[in-house]
Amino acid sequence: MDATRPIMVLGASGVFGSRVCRLLLEGGADVVAVARRTNRLEKLHQELGDTGKLQIVQGTLPDDLAPLLIAHRPAVVIDAAGPFQGRSYRVPRACIDHGVTYLDLSDGREDVSGILALDNAARNAGVTILSGVSTVCAVTSAVIDHLKPAFDAIDTIEIAIAPGNDAPRGPAVTSAVLSWVGKPVPRWSHGRQTTVAGWQELHRRAIGSLGKRWLATCDVPDNVLLAPHYGARHVRLYAGMELRLIHFSLWLLSWPVRLGLIGNLAIASRVFQPIANALRPLGTNTGGMAVSITGTGTDGRPLHRLWTLEAREGDGPMVPASAAASLTLATLRGQVLAPGAHPCLGEARLTDILDVLAPYAIHATTQDERPLPLYRQALGEDFERLPRPIRAIHDHVTSFQASGLATITLGRNTVVRCLQALGVLPKSGTDIETQVTFTIRKGRERWTRRFAGFSGSSVQGWPSRDHVWEKFGLIAGQARFKAHETGLDLEVASYRFLGIPVPRFLWLRAWGYERVDDQGRFTFDVGIGLPFGIDLVTYKGWLVSDDA
């Protein structure tokens, strides 16, 4: 690539476009900054300084692009003029027609995935077209590429992005987020694509020294791109607003969209933008992101690697700009990009990204952990005494599913009839299709049991020698296990209600046995009853891992 030709940045006066310009200039590149408003371009010129390497040009896209390409002959066009959701491909097509490398900062899932429609045209013209050259999917894939050499197989990828509330957010970002709040969002789970609702699944997560931030499901290109690219069975993407008022307001607004009462919140972006700007001082200028991988290490043992980035002093918006700037500067130094049009997966190097971010208050760390399955922690060496099919069910550090058949028998009493009317108990029957989903996170396992149309769940964790706690809503029971060559036996050791110990005479009656049948399948036999001899339900059957 001719290093004497300039780099053209579209949407150069915006939040991310201006930072792309800054990083390019700091890297020694000549920049042609294009935007619609002359006054904002002049302000950009003042902020970046008159170094002789920056030229500002007023232009309306995409109509003015072809004359600009002819006049300035850029080596690369970087498109930061969002929002990209629902746009046409006129800009990258113009770059193909004029033989110019094109990178965009799109975070639109359909937009980034759809860029493959231009692949044949780009290849025939010998032009590189990369979409998603931003935090997602360029930075995230660069991080995964950095972490993955320690793995033989990747099972789960989880990404969390939590900007500081005082970070600038332009109208394009606001409109992009609102466009998918409450809408169906694709996700890879258990090796296949499913859907969840945007800005649901509220939870908190610690991100480095920033502390815990509230997160929710987001819709970005990585949702559909990372699993097939890296062979992962689970991919989870979350984002969060630092200010709880904004975060939970979006969650509340997601419900009428999810229920079909509102079509799309993006139409109200002009209302939300000034509100978000007014609330900026209520938060900090500190944000961060975390990328974690869990799978099988090269030594055959479970491995969890966590990469965390913390951005302070308002430097967070430099991160989305860093991938395009670092990749462009690398091409000026001689890195060759293959012709064709595709999402930016594995194109940018993490070392190059961190190099352009080095002058800023941005710090990244990597941590490795050797997770141990819950039942291995509780049973210790006795875990190896269990038959292999039983060990296989309990020997996981990432989420999985198992399916089979069950026989359910309900007690014959008024309590059972009332509980069944309330939907608390399943129906009696034989050969009932059964599926158990084991959702594993941070050493705890949520068991979601589905018997035909009935579903119920509990959470297991907090292990000690031969003991595991299991929570059913407000009730927590401690199970004592005995492992032997034929299987695993369970008996109740204690109960708590709202954390308060329950007297023994009020304990629920519960028992459980895990064995292996003649066909080598994991089998279960579980019973639950109330004090004073009141039977509730027993269920027995077999399960086989869906991944087997």
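The values are calculated or read from the model by the stated rules, or taken from the named source; none is laboratory data. All of these numbers come straight from a predicted model, not from anything done at the bench. Quick reminder, even Gly has a Cβ in these numbers, built from the backbone with ideal geometry, and neighbours come from all protein chains shown. Surface areas here come from the heavy atoms of the whole protein model, side chains and all, with no ligands, DNA or RNA. Shrake-Rupley method; radii C 1.70, N 1.55, O 1.52, S 1.80 Å.
General remarks:
- Residue among 509, 504, 465, 480 that alone is under 22 Å from residue 444 (Cβ atoms) and free of Cβ contacts under 8 Å to residues at least 40 places away in the same chain: 480
- Test for residue 498: is it over 30 Å from residue 158 (Cα atoms), crowded, with 16+ Cβ neighbours inside 10 Å and not β-branched (Val, Ile, Thr): no
The rows are residues; the columns are (1) open to solvent by 10 Å² or more (accessible area, probe 1.4 Å); (2) assigned to a helix (DSSP H, G or I).
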position: 130; (1), (2): no, no
position: 137; (1), (2): no, yes
position: 142; (1), (2): no, yes
position: 146; (1), (2): yes, yes
position: 154; (1), (2): yes, no
position: 160; (1), (2): no, no
position: 166; (1), (2): yes, no
position: 177; (1), (2): yes, yes
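- The number of residues in region 457-493 being open to solvent by 40 Å² or more (accessible area, probe 1.4 Å), among the β-branched types (Val, Ile, Thr) and at pLDDT 95 or above comes to 1.
- Output for region 521-548, where each listed residue is surrounded by 11 or more Cβ atoms within 10 Å (Cβ to Cβ) and among the small types (Gly, Ala, Ser): 527, 529, 541, 545
- Residue check for residue 348: outside any loop (DSSP other than H, G, I, E, B), within 17 Å of residue 135 (Cα to Cα) and open to solvent by less than 40 Å² (accessible area, probe 1.4 Å): no
- Matching residues in region 17-60 - criterion: being over 16 Å from residue 76 (Cβ atoms) and hydrophobic (A, V, I, L, M, F, W, C): 35, 41, 44, 48, 56
- Residue count for region 230-269 satisfying the condition of being on the phi > 0 side of the Ramachandran plot and either surrounded by 17 or more Cβ atoms within 10 Å (Cβ to Cβ) or of a type in the set (Ser, Thr, Tyr) (or both): 0.
- As a summary of the residue check, residue 272 satisfies the conditions (1) open to solvent by less than 60 Å² (accessible area, probe 1.4 Å); (2) modelled with pLDDT of 95 or more except for the one numbered (2).
- Tabulated pairs, region 294-311, first more than 24 Å from residue 189 (Cβ to Cβ) and without any contact (Cβ under 8 Å) to a residue 24 or more places away in the chain, second crowded, with 19+ Cβ neighbours inside 10 Å and hydrophobic (A, V, I, L, M, F, W, C), C-beta under 7 angstrom, 6+ apart or interchain: none
- Of the residues screened, residue 188 is not one that is within 25 Å of residue 80 (Cβ to Cβ) and either buried (at least 19 other Cβ atoms within 10 Å of the Cβ) or under 14 Å from the mean Cα position of the chain (by Cα) (or both).
- Taken residue by residue, region 285-305 has no member that is in a helix (DSSP H, G or I) and open to solvent by 10 Å² or more (accessible area, probe 1.4 Å).
- Considering region 33-63, and only residues there that are in a helix (DSSP H, G or I) and among the aliphatic types (A, V, I, L, M), the residue that is farthest from residue 88 (Cα to Cα) turns out to be 48.
- Output for region 241-263, where each listed residue is over 13 Å from residue 174 (Cβ atoms), touching a helix residue (DSSP H, G or I) at 6+ places or on another chain (Cβ under 7 Å) and either in a loop (DSSP other than H, G, I, E, B) or at pLDDT below 90 (or both): 243, 262
- Filter result for residue 449 (in contact with a Gly (Cβ under 6 Å, 6 or more places away or on another chain), under 25 Å from residue 538 (Cα atoms) and modelled with pLDDT of 95 or more): yes
- Filter result (open to solvent by 50 Å² or more (accessible area, probe 1.4 Å) and under 18 Å from residue 407 (Cβ atoms)) within region 501-520: 511, 513, 515, 516, 518, 519
- Any pair with Cβ under 6 angstrom, 6 or more apart, that starts in region 401-414 at a residue that is in contact (Cβ under 8 Å) with a residue 60 or more places away in the chain and in a strand (DSSP E or B) and ends at one that is among the hydroxyl-bearing types (Ser, Thr, Tyr) and open to solvent by 50 Å² or more (accessible area, probe 1.4 Å): 407/430; 408/428; 409/428; 410/428
- So residue 226, is it open to solvent by less than 10 Å² (accessible area, probe 1.4 Å), outside any strand (DSSP E or B), of a type outside the set (Lys, Arg) and under 24 Å from residue 396 (Cα atoms): yes
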